[in-house]
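The values are calculated or read from the model by the stated rules, or taken from the named source; none is laboratory data. Only a predicted model underlies this, so the values are computations on that prediction, with no experimental measurement involved. FYI the Cβ positions are ideal-geometry reconstructions off the backbone, even for glycines, and counts take in every protein chain you see. For accessibility, only protein heavy atoms count, side chains too; no ligands or nucleic acids. Shrake-Rupley method; radii C 1.70, N 1.55, O 1.52, S 1.80 Å.
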Amino acid sequence: MSFAYHNPVRLRFGEGVLDEIGALVAGRSYLLVTHPDAPMRPWRDRVTSLAGEPLAVVDTIEPNPSLALLRRVCDGLDGVDPEVIVALGGGSVIDSAKFLAAGHCRFAPAHDHLLHGAPIAAPALPLIAIPTTAGTGSDLTKWATIWDPEGNRKLSLNRDDLYPEAVLVDPLLAATLPWAMTLASGLDALSHALESLWNVNANPVSRTHAVQAAHDILAALPRLQRDLSDREARSLMSLGATRAGLAFSNTQTALAHNISYPLTLEYGVTHGIACSFCLPQVMQAALGVDADCDAALAASLGGTNLRDALSRLGVPADAAAFGVGPDDWRRIVTDAFAGQRGRNFIGSIGRFPGMG
Ligand SMILES: NC(=O)c1ccc[n+]([C@@H]2O[C@H](COP(=O)([O-])OP(=O)(O)OC[C@H]3O[C@@H](n4cnc5c(N)ncnc54)[C@H](O)[C@@H]3O)[C@@H](O)[C@H]2O)c1
Ligand SMILES: [Fe+2]
């Protein structure tokens with residue numbers, strides 16, 4: 001057996017770890033990036049009271065950050081040159097902060113790198129991530145998803161210097177998430193865990209994180225469905241998302257994520273739902289291909305029927321529920337197998353239900 005595992009992010013986890021932000025910023029000048037929503041206000045105030053006044057604040061980050069949004073943000077940061085960026089928010093905020101870190105708050109270098117692979121002279125600015133959703137794992141990866149609705153495509157920044165310097169996972173921050181976002185972000189994390197298992201890049205370390213992640217998430221979500229104020233379940237959900245992040249940070253995602261992108265771009269389906277409703281179908285195509293993967297999937301689910309579990313959580317079982325017709329579905333699945341993330345998938349298209 002031979003493999004490598006690498007994740008350089010300094011991780012602190014637990015209720016109240018937000019209070020360590022002052023020590024992490026350590027007197028450096030910083031740019032605070034966050035969402036405009038009211039639930040961010042108390043956390044944002046806590047950050048500034050502990051880390052000092054930021055050099056500037058970007059609080060206009062919307063879900064699925066687009067090139068157009070990031071251009072406007074950079075235009076508003078003309079001349080701002082922080083020593084570190086603090087990202088307080090969900091994956092959209094953390095990914096936007098990575099774009100800003102790569103280009104030192106200037107649009108052209110990050111854009112030209114993203115679209116044309118143009119080299120960037122300086123290493124990215126350091127980034128401290130404070131996730132407020134329990135899902136994307138972007139706080140533990142070196143990737144940022146940037147959306148280009150005009151070009152009908154999803155773009156991906158991928159640089160070793162975009163691993164955050166540190167992450168504070170404080171489950172209390174996700175307590176204000178409504179059920180729909182709790183579910184979507186939680187299922188995004190479940191998808192990361194399973195996608196790292198049916199993946200040509202899987203290794204024993206990523207597998208261990210993924211199996212534990214799936215356990216945590218499958219236990220936490222039904223509890224949160226019953227009671228959003230269940231603090232223990234929030235912690236379990238944040239732990240599951242963190243473990244899933246540690247798993248897929250070393251494997252990337254696979255087929256379900258490639259299926260998800262057109263569903264988000266063309267049908268407006270939230271990322272976490274778009275990459276999870278099809279997990280039972282993707283699993284069917286994966287089972288029987290690799291004994292280690294089969295064993296890990298069985299351990300992940302621990303006897304739970306994935307289709308039934310998703311149905312109880314209110315997730316539709318097939319794409320027709322989002323308005324996707326049969327021809328379009330075949331096109332989406334075929335393209336997903338051909339794309340880069342699809343090629344991470346261990347199964348072949350003939351094994352996918354309805355595609356044989
Ligand atoms: N870089 C990666 O590795 C990676 C992995 C998976 C997903 N992503 C990307 O992340 C994005 C999705 O991120 P997300 O699921 O975290 O959601 P999000 O960041 O898009 O946030 C969704 C909504 O929830 C609100 N919100 C966030 N935290 C809240 C809280 N604590 N209380 C109340 N409201 C809150 C936000 O303001 C926003 O309106 C997508 O663009 C996806 O492509 C990136
Ligand atoms: Fe995802």
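Condition check ((1) under 22 Å from the mean Cα position of the chain (by Cα); (2) of a type outside the set (Phe, Trp, Tyr)) across all residues:
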| position | (1), (2) |
| --- | --- |
| ILE273 | yes, yes |
| SER276 | yes, yes |
| ALA291 | no, yes |
| TRP329 | no, no |
| ARG343 | yes, yes |
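On the basis of being within 30 Å of ASP230 (Cβ to Cβ), open to solvent by less than 50 Å² (accessible area, probe 1.4 Å), touching a residue at least 12 places away in the same chain (Cβ under 8 Å) and in contact with a Cys (Cβ under 7 Å, 6 or more places away or on another chain), does ASP188 make the cut? Step through it out loud before you land on a result.
Working: within 30 Å of ASP230 (Cβ to Cβ): yes; open to solvent by less than 50 Å² (accessible area, probe 1.4 Å): yes; touching a residue at least 12 places away in the same chain (Cβ under 8 Å): yes; in contact with a Cys (Cβ under 7 Å, 6 or more places away or on another chain): yes.
Against the criterion (within 30 Å of ASP230 (Cβ to Cβ), open to solvent by less than 50 Å² (accessible area, probe 1.4 Å), touching a residue at least 12 places away in the same chain (Cβ under 8 Å) and in contact with a Cys (Cβ under 7 Å, 6 or more places away or on another chain)), ASP188 qualifies.
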For helices (runs of 4 or more DSSP H) lying entirely in the stretch 243-350, having 1 or more residues that are open to solvent by less than 60 Å² (accessible area, probe 1.4 Å) and within 16 Å of ligand 1 (Cβ to nearest atom) picks out 255-267, 271-274, 279-286, 326-338, 340-343
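Is it the case that ALA122 is out of contact with any Gly (no Cβ under 8 Å at 6 or more places or on another chain), touching a residue at least 12 places away in the same chain (Cβ under 8 Å), open to solvent by 30 Å² or more (accessible area, probe 1.4 Å) and not charged (D, E, K, R)? Walk me through it before giving the result.
Numbers: out of contact with any Gly (no Cβ under 8 Å at 6 or more places or on another chain): yes; touching a residue at least 12 places away in the same chain (Cβ under 8 Å): yes; open to solvent by 30 Å² or more (accessible area, probe 1.4 Å): yes; not charged (D, E, K, R): yes.
Answer is yes for this residue.
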Close pairs from the stretch 267-282: first within 12 Å of ligand 2 (Cβ to nearest atom), partner open to solvent by less than 20 Å² (accessible area, probe 1.4 Å) and in a loop (DSSP other than H, G, I, E, B), Cβ under 8 Å, at least 6 apart | GLY272/GLY135; ILE273/VAL315; CYS275/THR253; SER276/VAL315
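Select from the stretch 191-218 the residues that are hydrophobic (A, V, I, L, M, F, W, C) and open to solvent by 10 Å² or more (accessible area, probe 1.4 Å) and list them in ascending order.
As a first pass, look at the stretch 191-218 and keep what is hydrophobic (A, V, I, L, M, F, W, C): 193-194, 197-198, 200, 202, 205, 210-211, 213-214, 217-218.
Residues satisfying the conditions are VAL200, ALA202, VAL205, VAL211, LEU218.
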Go through the stretch 219-234 residue by residue and tally those that are among the aliphatic types (A, V, I, L, M) and surrounded by fewer than 20 Cβ atoms within 10 Å (Cβ to Cβ).
-> 2
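Which members of the stretch 23-46 meet the condition of being under 24 Å from the mean Cα position of the chain (by Cα) and more than 16 Å from ligand 1 (Cβ to nearest atom)? Step through it out loud before you land on a result.
Initial filter on the stretch 23-46 (under 24 Å from the mean Cα position of the chain (by Cα)): 24-25, 30-44.
Correct list: LEU24, VAL25, TYR30, LEU31.
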What number of residues within the stretch 1-46 satisfy the criterion of being of a type outside the set (Lys, Arg) and closer than 23 Å to GLY103 by Cβ?
-> 12
